[in-house]
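Here is the structure we will look at.
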Amino acid sequence: MASNMKLTINNKNTAGAASKDVYVCVLGNDPNNIDSKFGYLNLVDGTTHFSDKSSWKLDPTTMVTTLDKITFPLTIPNMNSARIYFSVRENFTTFPASGPSASKGNTILFDKIEFDSGSNPNINGTSVDFYGISYVISGTDVNNGAVSYGFTKTRSEIISALNNFTVSPSAQHSGNTGIMKKTFISNDSEVIRVLAPKTMGLGDWGDSQPEFVDWATKCSHFLDNYVKNKCFAGGRKFSFYSKMWTEAGPNTIYYGTTPAEGGSINLWTDEACTIPYAPVPTLNMPMTTWPNPDFTPKAGVTSLYHNVAGKQDTIDWGFVLLGNSAGTGAAANWGTDPLCMAIMVSICRGVMHLDNGTKDWIDSSKYYQGNGATPPVSTEDMPIFYYSSILHANGKDGKAYVLSYDDVYGSNPSIFFKGNPNVTIDLYGLDKVTKPSQDKVQSAAKVSEGAEI
């Protein structure tokens with residue numbers, strides 16, 4: 001099978017686990033049957049094995065190899081929408097083609113890297129679902145030359161940073177930063193990952209029904225005041241680029257206006273605002289009144305979270321926006337239209353209220369600044385999405401894939417390596433991290449393996 005990728009994985013001396021304790025599997029779609037066939041790469045002999053995707057299950061005894069037994073560079077045959085999975089100190093258990101669960105029922109420390117070795121070869125680290133381990137990916141990008149992206153800090157340092165911010169009062173609905181203190185997933189002895197809020201299952205939000213319903217609802221309403229009072233405020237006129245913006249250009253400028261009463265955005269293709277943007281001329285405000293949607297379990301209702309109903313009062317807008325997810329009905333367009341996606345990601349980054357979007361929306365130094373205080377202070381009207389802010393701050397060159405559309409305006413760490421097959425992954429953070437106290441602000445200073453953060 002043809003190959004566009006030669007992979008080397010290095011376990012750096014400070015990583016925190018021996019190579020014999022690092023388990024690796026490479027999984028992906030059959031390039032000749034993308035929709036129906038899924039399989040694995042044999043990491044010893046370099047052969048791929050595909051079978052029916054709907055019934056595929058990982059066999060840890062045959063499909064997983066420890067890092068010390070792999071000969072590098074490893075030639076990766078063409079695979080589509082593929083992933084490299086790592087688990088540390090414990091082998092994977094069986095899981096389907098969609099991958100292992102990130103919820104608290106899975107107590108294995110693992111992480112994943114996404115790649116495609118087909119006609120448009122690319123690779124990227126991802127924290128869209130969770131942060132698990134630290135690694136750096138290096139390669140030669142077709143546009144940017146030699147690049148490297150990822151985290152060189154230990155798990156202890158990154159997880160400490162993810163726990164280092166001021167928590168909002170528990171009674172606060174909009175902008176409550178406490179949602180990001182609830183995302184630490186631990187086994188009996190250590191933190192195994194920190195979930196993105198959009199990844200949390202309903203039961204992950206707490207140990208009792210009142211607790212997990214309360215925090216799931218706060219996640220859904222995290223951006224409410226910012227959306228209503230800043231982004232969809234009455235009388236605005238702003239300019240911006242679509243998701244298709246590139247640094248090299250040329251780029252088309254679009255315009256948005258809000259009526260005097262606020263609550264919606266009209267989209268235009270001309271500065272005079274006379275030619276409506278035909279696919280989505282009007283975008284309605286993505287929020288509902290507290291406590292809708294109601295996540296309280298009910299008899300006979302199996303899908304309360306994340307809510308996908310078509311009525312606006314039952315949509316989990318927090319999931320649609322913070323998860324950067326496509327929706328239906330009243331939630332349509334947010335995850336599919338290139339203008340709406342740019343608006344959505346700019347809301348999450350805290351810059352959508354700025355009218356000069358052709359300057360401020362593409363300037364990553366303005367992201368996640370809250371009300372502009374030094375240091376930034378999260379308020380109900382200007383919440384800071386700390387999960388994303390902290391991971392970007394700790395990523396090389398500020399790059400991280402934390403929101404599903406972090407590629408909008410180029411904040412993601414993708415490497416498009418066509419014609420340059422050599423890719424290197426350096427593992428920097430595999431260390432054990434003792435479960436932190438969730439009710440206090442922690443120091444982000446480097447700590448030794450096994451120490452509490």
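The values are calculated or read from the model by the stated rules, or taken from the named source; none is laboratory data. Predicted, not measured: the structure shown is a model, and the values here were computed from it. Heads up, the Cβs are rebuilt from the backbone with ideal geometry, glycines too, and the neighbour counts pull from every protein chain shown. Side chains are part of the model used for accessible areas, which takes the heavy atoms of the whole protein and leaves out ligands, DNA and RNA. Shrake-Rupley method; radii C 1.70, N 1.55, O 1.52, S 1.80 Å.
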> Applying the selection to segment 1-54, what residues are polar (S, T, N, Q) and open to solvent by less than 30 Å² (accessible area, probe 1.4 Å)?
Replying inline: ASN29
> THR252 versus (1) free of Cβ contacts under 8 Å to residues at least 24 places away in the same chain; (2) closer than 19 Å to TYR405 by Cβ; (3) in contact with a Pro (Cβ under 8 Å, 6 or more places away or on another chain): which is the lone unmet condition?
Replying inline: (3)
> Would you pick out the residues in segment 216-270 that are touching a Ser or Thr at 6+ places or on another chain (Cβ under 9 Å), open to solvent by 40 Å² or more (accessible area, probe 1.4 Å) and among the polar types (S, T, N, Q)?
Replying inline: ASN225, ASN251, THR252, ASN266, THR269
>> I'd like to check something: does segment 55-73 contain any residue that is free of Cβ contacts under 8 Å to residues at least 24 places away in the same chain, in contact with a Lys or Arg (Cβ under 9 Å, 6 or more places away or on another chain) and not in a loop (DSSP other than H, G, I, E, B)?
In response: no
> Of these, ILE84, ILE76, which one is part of a strand (DSSP E or B), of a type in the set (A, V, I, L, M) and farther than 30 Å from THR183 by Cα?
Replying inline: ILE76
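Filter segment 21-54 down to residues that are among the aliphatic types (A, V, I, L, M), part of a strand (DSSP E or B) and within 18 Å of ILE76 (Cα to Cα), then give me how many there are. Lay out the reasoning, then the answer.
Filtering segment 21-54 down to residues among the aliphatic types (A, V, I, L, M) leaves 22, 24, 26-27, 34, 41, 43-44.
Going one step further and asking which of them are part of a strand (DSSP E or B), we end up with 22, 24, 26-27, 34, 41.
Then drop every residue that is not within 18 Å of ILE76 (Cα to Cα), which leaves 24, 26-27, 34, 41.
Total satisfying the criteria: 5.
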>> Residues that are in contact (Cβ under 8 Å) with a residue 60 or more places away in the chain: list the helices (runs of 4 or more DSSP H) wholly contained in segment 328-436 that include at least 3 such residues.
In response: 338-349, 386-394
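Residue under question is ARG193, and the condition is that it be closer than 30 Å to THR336 by Cα, basic (Lys, Arg), touching a residue at least 40 places away in the same chain (Cβ under 8 Å) and open to solvent by less than 30 Å² (accessible area, probe 1.4 Å); does it hold?
On the way: closer than 30 Å to THR336 by Cα: yes; basic (Lys, Arg): yes; touching a residue at least 40 places away in the same chain (Cβ under 8 Å): yes; open to solvent by less than 30 Å² (accessible area, probe 1.4 Å): yes.
When the stated conditions are applied, ARG193 passes them.
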> Within segment 72-84, how many residues turn out to be open to solvent by less than 20 Å² (accessible area, probe 1.4 Å) and over 12 Å from ILE9 (Cα atoms)?
Replying inline: 4
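Which members of segment 233-278 meet the condition of being among the aliphatic types (A, V, I, L, M) and in contact with a Phe, Trp or Tyr (Cβ under 7 Å, 6 or more places away or on another chain)?
Initially, segment 233-278 is screened for residues among the aliphatic types (A, V, I, L, M), giving 233, 244, 248, 253, 260, 265, 267, 272, 275, 278.
Scanning segment 233-278 gives ILE253, ILE265, LEU267, ILE275.
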> Applying the selection to segment 138-170, what residues are modelled with pLDDT of 95 or more, out of contact with any strand residue (DSSP E or B) (no Cβ under 6 Å at 6 or more places or on another chain) and surrounded by fewer than 17 Cβ atoms within 10 Å (Cβ to Cβ)?
Replying inline: GLY145
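Which of the residues belonging to segment 5-20 are among the hydroxyl-bearing types (Ser, Thr, Tyr) and not in a strand (DSSP E or B)?
Within segment 5-20, THR14, SER19 qualify.
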>> Is it the case, given these coordinates, that PHE240 is closer than 25 Å to ALA171 by Cα and under 26 Å from the mean Cα position of the chain (by Cα)?
In response: no
> If you check every pair at least six apart or on different chains, which have Cβ atoms under 7 Å apart with a residue in segment 208-230 that is among the β-branched types (Val, Ile, Thr) first and a residue that is in a helix (DSSP H, G or I) and open to solvent by less than 20 Å² (accessible area, probe 1.4 Å) second?
Replying inline: VAL227/ILE347
>> Going through LYS57, LYS69, LYS104 one at a time, which residue ends up being under 21 Å from LYS198 (Cα atoms) and either modelled with pLDDT under 95 or open to solvent by 30 Å² or more (accessible area, probe 1.4 Å) (or both)?
In response: LYS104
>> Against the definition (in contact with a Ser or Thr (Cβ under 9 Å, 6 or more places away or on another chain) and not charged (D, E, K, R)), how does SER148 come out, yes or no?
In response: yes
